Amino acid sequence: MKRILQPAIYVLAAIYFLVDVVFMAVARPIADWFARHWVFVGLRKWIASLRPYPALALFAVPVVILEPVKPVAAYLVATGHILTGIASLIIGELLKLVCVERLFCVTKHKLLSIPAFAWGYARYRRVKDWVEASEVWRNCRRLSKSAVHAVRRYVTELRSQRTTRRASWQSR
């Protein structure tokens, strides 16, 4: 049975990793920008002042507001507006991910004081740690880091060629 399930688990781990890397690579800078921006300092203080259960209820806000984006995006794709549908899905998911991630960062210690949340989070961390300890995850991580490094090197080469070309043109 283990031999049958192992390839499926590896595929699921790879898909989870790819989605996580793609969305978090974009969402993390946005979330960090929100955290640094002075307009959101008052909101952060208010959220941090909430008790555990109101903080947990606050997680429903981005989900309720941004979850209807999925059916709207599906409708747009079905009616032939493929790029608009895909763009709205990506933007909606990124906004939801950023909001939930920021809320979790601000309220994590309070949320973990709720027994059911702490139990679920412990199970989530156990599964995530198991996936990250797998050989497939480590290989995907290694490949993604080398791909990111290759892309950065290529962009740096393009920029240096552009600068060199510009400098040679200006010297004429």
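Rule-based calculations on the coordinates, nothing more; no lab input. As the structure is a computational prediction, the values presented were derived from the model and not from experiment. FYI the Cβ positions are ideal-geometry reconstructions off the backbone, even for glycines, and counts take in every protein chain you see.
Results, tabulated for the structure shown:
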item	result
Difference of contour (0.36 nm per residue) and Cα-Cα distance, ALA35 to PHE59	6.9 nm
Overall form of the stretch 25-73 per C-alpha gyration tensor (a/c, 1.5; a/b vs b/c)	oblate
Estimated [θ] at 222 nm from DSSP helical runs (n ≥ 4, -39500 (n - 2.57)) normalised by residues in the chain, nearest 500	-30500 deg cm²/dmol
Relative contact order (%) - the chain, alpha-carbon pairs under 8 angstrom, separation at least six	27 percent
Computed log₁₀ I(q)/I(0) - Debye formula, equal Cα scatterers, no solvent, the chain, q 0.08 Å⁻¹	-0.41
Cα→Cβ-extended label distance, 7 Å offset, between TYR124 and THR84, nm	3.4 nm
Mean Kyte hydropathy of -0.5 or more with a Cα span along the axis of at least 18 Å, helices from DSSP in the chain	2-36, 82-111
